[in-house]
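Colleague: Next up is a structure, given as structure tokens.
The values are calculated or read from the model by the stated rules, or taken from the named source; none is laboratory data. What you see is a predicted model, and the numbers here were worked out from it, not measured in a lab. Neighbour counts are summed over all protein chains in view; Cβ atoms, including those assigned to glycine, are modelled from backbone coordinates with ideal geometry.
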Amino acid sequence: MKEREPENYKWWQKEIVYQIYPRSYKDNSGDGIGDLPGIIEKLDYIKDLGIKVIWISPIYPSPMADFGYDVSDYTGIHPMFGTMEDFDRLLDEIHKRNMKLILDFVPNHSSNMHEWFQESRKSKDSPKRDCYIWKDPAPDGGPPNNWLSVFGGSGWEYDEETNQYYYHAFLKEQPDLNWRNPEVQEAMFHVMRFWLEKGVDGFRVDVMWHLIKDDQFRDNPPNPDYTKDYSPYDKHLQAFTTDQPEVHDIVEKMRSVIDEYDERLLIGEIYLPVEQLVEYYGKDNRGAHLPFNFQLVVLPWDARKIEAAINKYEGALPPEGWPNWVLGNHDNSRIATRVGAKQARIAAMLLLTLRGTPTIYYGDEIGMEDVSIAPDQVQDPQEKNIPGKGLNRDPERTPMQWNASENAGFTNGNPWLPLMGNFKELNVEKQWDSEESMLSFYRKLIALRQKEPALQIGNYRPVLSKGNLLAYIRSSEEKKIFITLNLGNSGAVMDSEIPFSKAVILASTHAGREGKSLNKTIDLQANEGLVAEITE
Ligand code: GLC
């Protein structure tokens with residue numbers, strides 16, 4: 001019984017993660033790009049939302065070919081974002097508020113401007129040669145094999161200097177590090193310790209499933225499902241470039257570094273089917289604490305498919321594996337655009353009532369939508385390299401909408417990406433005091449989740465439902481909470497086996513429902529979701 005008490009759960013099981021894309025959160029320097037002092041200014045906002053864990057996308061020195069995911073110095077701060085003093089102050093201010101800071105760690109590749117790569121490319125005998133993945137050309141002089149880059153074209157870049165190719169899973173400015181080399185491992189663990197010593201509370205590890213590649217460099221097989229609408233990268237199945245068996249040893253080693261310190265967190269960015277994803281918890285849970293679960297990002301918004309995915313995931317988790325859920329991030333279309341403004345409330349309710357740590361992408365709490373980007377405004381290298389396939393990530397990376405003033409209060413300068421046209425209506429200041437706003441709805445759900453152990457750490461049990469409805473019960477020793485969500489835009493009746501005779505509504509997507517009772521037949525309006533405490 002005792003181990004079921006909330007105090008026996010880790011902070012990262014109980015709290016909610018908030019992702020900040022630092023270029024777009026708050027600019028205090030006036031250069032049109034967000035910065036660390038800007039984030040510091042907004043910490044009270046995040047705290048007042050009820051969120052305690054902040055993950056910040058990369059803030060390290062970088063030529064910004066991939067907006068910070070091309071790191072040229074793993075232990076520095078890009079001057080655009082501030083100084084190391086600003087960083088120390090940020091960490092201090094976060095900890096003073098009893099909050100946590102997660103950094104983005106990008107170990108799969110560095111920038112081509114990193115000194116290791118600069119040294120590595122000098123000659124075949126360079127002491128750093130083997131820190132990257134170099135291969136001779138194929139007999140015809142072409143790339144060593146058929147591996148492709150996620151961002152278009154071959155994954156191999158020819159380097160005249162030494163007449164060899166180097167491998168890059170992403171941009172040619174992002175050469176892949178050779179994680180089979182112990183020297184690379186040690187150097188990267190040193191980087192982790194550098195930040196952990198400073199007091200950082202953990203890492204979100206970029207493209208964790210990419211870290212190790214086939215040591216025989218075998219060609220990837222064709223993808224039988226490929227069509228021209230897909231990214232050219234999807235022509236192949238990534239049989240030999242990602243999710244290799246040896247990656248789990250690396251993850252385990254990263255986890256050991258994390259465990260040298262108290263209470264730190266290891267999150268992995270992993271886009272894989274559930275059976276493969278759960279392997280990243282590691283043997284005896286010695287892997288990532290939270291392998292990011294992107295099912296709500298990649299699945300169609302369909303009650304039956306989502307229900308099946310939740311149940312499959314719950315069933316696939318290892319015994320001590322803690323679940324987690326994500327609705328959006330800087331690489332995917334925003335939830336409010338994918339499912340529409342009304343269903344975005346349902347999505348919020350789902351995210352905040354499922355079992356497992358939720359991650360909220362900045363701006364989703366006010367219902368920000370993708371912003372359309374004119375061709376001459378495109379920044380994202382993925383769109384530049386593979387235009388016209390809907391792969392632009394700029395739309396979901398636009399500046400946070402703080403208020404109705406010029407540039408939505410994001411900057412005094414010229415914002416690096418355009419703002420959404422509706423920011424005068426859709427912004428934090430306006431929504432904070434309006435009871436019906438998305439922001440107030442998020443705050444209410446967050447407060448409820450954090451107050452009710454049943455929602456925060458309780459069990460999950462599906463309830464039979466049909467059509468557009470999704471229903472489940474979360475329960476602690478003391479309480480049972482029933483959640484039902486209408487993923488459709490017409491009314492629906494929940495008339496299947498309802499496992500209670502009375503429940504009292506704690507939260508609803510619709511006004512005027514709280515405090516009312518539910519009994520045998522539940523009538524849901526279009527786009528309605530309810531959270532109710534079972535009383536009889
Ligand atoms: C991850 C990041 C993405 C980046 C890529 C390469 O998927 O989330 O933004 O472009 O890795 O580092």
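Colleague: Looking at the range 57-67, can you tell me whether even one residue there is within 16 Å of the ligand (Cβ to nearest atom), more than 23 Å from residue 199 (Cβ to Cβ), touching a residue at least 40 places away in the same chain (Cβ under 8 Å) and touching a Lys or Arg at 6+ places or on another chain (Cβ under 7 Å)?
Modeller: Yes - at least one qualifying residue is present in the range 57-67.
Colleague: Something else now. For the range 133-148, give me the residue count where each residue is farther than 14 Å from residue 218 by Cβ and surrounded by fewer than 14 Cβ atoms within 10 Å (Cβ to Cβ).
Modeller: Final tally of qualifying residues: 5.
Colleague: Taking the criterion of being more than 15 Å from the ligand (Cβ to nearest atom), among the hydroxyl-bearing types (Ser, Thr, Tyr) and in a helix (DSSP H, G or I), would at least one residue in the range 357-366 satisfy it?
Modeller: Checking the range 357-366: not a single residue is more than 15 Å from the ligand (Cβ to nearest atom), among the hydroxyl-bearing types (Ser, Thr, Tyr) and in a helix (DSSP H, G or I).
Colleague: Restricting to the range 401-421, what's the tally of residues that are touching a helix residue (DSSP H, G or I) at 6+ places or on another chain (Cβ under 7 Å) and closer than 18 Å to residue 378 by Cα?
Modeller: Total meeting the criteria: 5.
Colleague: What do you reckon, is residue 341 buried (at least 23 other Cβ atoms within 10 Å of the Cβ), touching a helix residue (DSSP H, G or I) at 6+ places or on another chain (Cβ under 9 Å), more than 26 Å from residue 246 (Cα to Cα) and among the aliphatic types (A, V, I, L, M)?
Modeller: Considered against the rule, which asks whether it is buried (at least 23 other Cβ atoms within 10 Å of the Cβ), touching a helix residue (DSSP H, G or I) at 6+ places or on another chain (Cβ under 9 Å), more than 26 Å from residue 246 (Cα to Cα) and among the aliphatic types (A, V, I, L, M), residue 341 comes out as no.
Colleague: Ok, one more. Out of all the residues in the range 229-270, which are under 13 Å from residue 108 (Cα atoms) and of a type in the set (S, T, N, Q)?
Modeller: 241, 242
Colleague: Can you tell me which residue among 241, 227 is closer than 22 Å to residue 121 by Cβ and outside any helix (DSSP H, G or I)?
Modeller: 241
Colleague: I'm trying to understand the selection: among the residues of the range 202-240, which are out of contact with any Pro (no Cβ under 8 Å at 6 or more places or on another chain), small (Gly, Ala, Ser) and away from the ligand (no atom under 16 Å from the Cβ)?
Modeller: 202, the sole residue that qualifies.
Colleague: When the residues of the range 267-299 are filtered to those that are within 16 Å of the ligand (Cβ to nearest atom) and not in a loop (DSSP other than H, G, I, E, B), which remaining residue is surrounded by the fewest Cβ atoms within 10 Å (Cβ to Cβ)?
Modeller: 298
Colleague: Please enumerate the residues belonging to the range 390-449 that are in contact with a strand residue (DSSP E or B) (Cβ under 9 Å, 6 or more places away or on another chain) and within 16 Å of the ligand (Cβ to nearest atom).
Modeller: Passing the criteria: only 396.
Colleague: A further question follows. Does residue 53 satisfy the criteria of being modelled with pLDDT of 95 or more, buried (at least 23 other Cβ atoms within 10 Å of the Cβ) and within 15 Å of the ligand (Cβ to nearest atom)?
Modeller: No: the conditions fail for residue 53.
Colleague: Can you pull out every residue in the range 467-502 that is within 18 Å of residue 308 (Cβ to Cβ) and touching a residue at least 40 places away in the same chain (Cβ under 8 Å)?
Modeller: 467, 468, 469, 470, 472, 473, 483, 484, 485, 486, 487, 488
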